[in-house]
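Visitor: Below is a structure I'd like to ask you about.
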Amino acid sequence: MNIEREQEPQNGLTFNWLNLFLGVAFFMWLTEGSNLFTDDWTFYIYLALVVVIHELGHVIVGKSFGCFIKEMQVFFLPFVSYQPRHVFEGTSWRNIKWSLGVLPLGGVTVFKSRGSNDENDVDGLNTGSLKIVMKSATSPYIEDKPAWQRLLISAAGVLFNIGTFLILYVALPYMSLGCYDSLRPLALMSLFIAVLNILPIYPLDGGAIVFALYEMITGKKPSPGFTKVCGWIGFVFIVLFFWVFPEWLNGILDSVFGLFF
């Protein structure tokens, strides 16, 4: 998942003990009667690895297009974060804040977003189409990038997970029993996260991909109000998938896993 929002950097290593306390309490509440969580802590280690790979996909592709990335967060309700003490302007890796959360419900990559009053901080001509071309090419803000670049940024996490799965799927039959037992869960988790995120539900990556495709076809961006409404609708769908009717999601996953295992 990738998010466009503003957040001031905090230098050095920081801890949020309130988030840790609230996250642990909320996690314990979620685990009661839910089939989403397990007492096997290796599950969360594999999930964290897959989320790291997923979010690094957003980070690497976003940086390749010159985006300013403020934060990469693994899991939600961050309780420990690290921001390099020397923060430079631009798209340096030293601008990225790295955070680890308590709730194992995914991750997020935060891109720097241009406010409506920042139109003049991008180099270019004042009139004509040349300014638009230069803004897209030089601006660090993700909303200034062409739709096809934002589509690739949104799809990068899923593609990284699929790539991880395919590499492991091809290599697993040639591994020793110990390596097979250790890496097979990583392959399964990679496929699970890829399938989940490709669902065309905003704010999942699949929803962002649909918005980018819409812009590429029509030449128009969805309005902020429309995307906000879609975000709330998507949140309701996610709750339905996970907590109310989990058999829907299980059916989709069983169909996909059945193709490979």
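The values are calculated or read from the model by the stated rules, or taken from the named source; none is laboratory data. Bear in mind the structure is a predicted one, so any value in this text is a computation, not a measurement. Every residue, glycine among them, receives a Cβ derived from its backbone with ideal geometry; neighbour counts consider all protein chains shown. With ligands, DNA and RNA removed, areas are computed over all heavy atoms of the protein, side chains included. Shrake-Rupley method; radii C 1.70, N 1.55, O 1.52, S 1.80 Å.
Visitor: Which value, in Å² rounded to 10, gives the accessible area of Tyr82 with a 1.4 Å probe and all protein chains present?
Guide: Number for this one is 100 Å².
Visitor: Still on this structure, please answer the following. For region 152-214, what does the alpha-carbon gyration tensor say about shape, rounded, prolate or oblate, given a ≥ b ≥ c as the root eigenvalues, a/c under 1.5 as rounded, and a/b over b/c as prolate? Could you put the intermediate results ahead of the total?
Guide: Details: a/c = 4.74, a/b = 2.96, b/c = 1.60.
Here region 152-214 falls in the prolate category.
Visitor: Mind listing the phi-derived Karplus ³J(HN,Hα) values for region 95-107, rounded to whole Hz, using 6.51, -1.76 and 1.60 with θ = phi - 60°, and x for any glycine or proline?
Guide: Working through the residues one at a time gives 7, 8, 8, 10, 10, 10, x, 9, 7, x, 10, x, x Hz.
Visitor: Probe 1.4 Å, all protein chains in place: accessible area of Thr42 in Å², nearest 10?
Guide: The accessible area of Thr42 comes to roughly 70 Å².
Visitor: Of Lys97/Lys145; Lys70/Lys228; Lys112/Lys220; Lys97/Lys221; Lys63/Lys145; Lys63/Lys220, which pairs sit farther than 19 Å apart, going by alpha carbon to alpha carbon? If you can, show how the numbers build up before the last one.
Guide: Values: Lys97/Lys145 22 Å; Lys70/Lys228 22 Å; Lys112/Lys220 21 Å; Lys97/Lys221 29 Å; Lys63/Lys145 12 Å; Lys63/Lys220 24 Å.
Distance filter (> 19 Å) returns Lys97/Lys145; Lys70/Lys228; Lys112/Lys220; Lys97/Lys221; Lys63/Lys220.
Visitor: Probe 1.4 Å, all protein chains in place: accessible area of Ser81 in Å², nearest 10?
Guide: Using a 1.4 Å probe on the heavy atoms, I get roughly 10 Å².
Visitor: Here's a follow-up. Could you work out the Rg to Rh ratio of region 188-243, with Rh taken as the Kirkwood radius (inverse of the mean 1/r over all Cα pairs)?
Guide: On the way: Rg = 12.5 Å, Rh = 11.9 Å.
Over the Cα atoms of region 188-243, Rg/Rh equals 1.04.
Visitor: Also, I was wondering about something else. For labels at Ser64 and Val170 in the simple 7 Å Cα→Cβ model, what's the distance in nm?
Guide: Using points 7 Å along Cα→Cβ, the separation is 1.8 nm.
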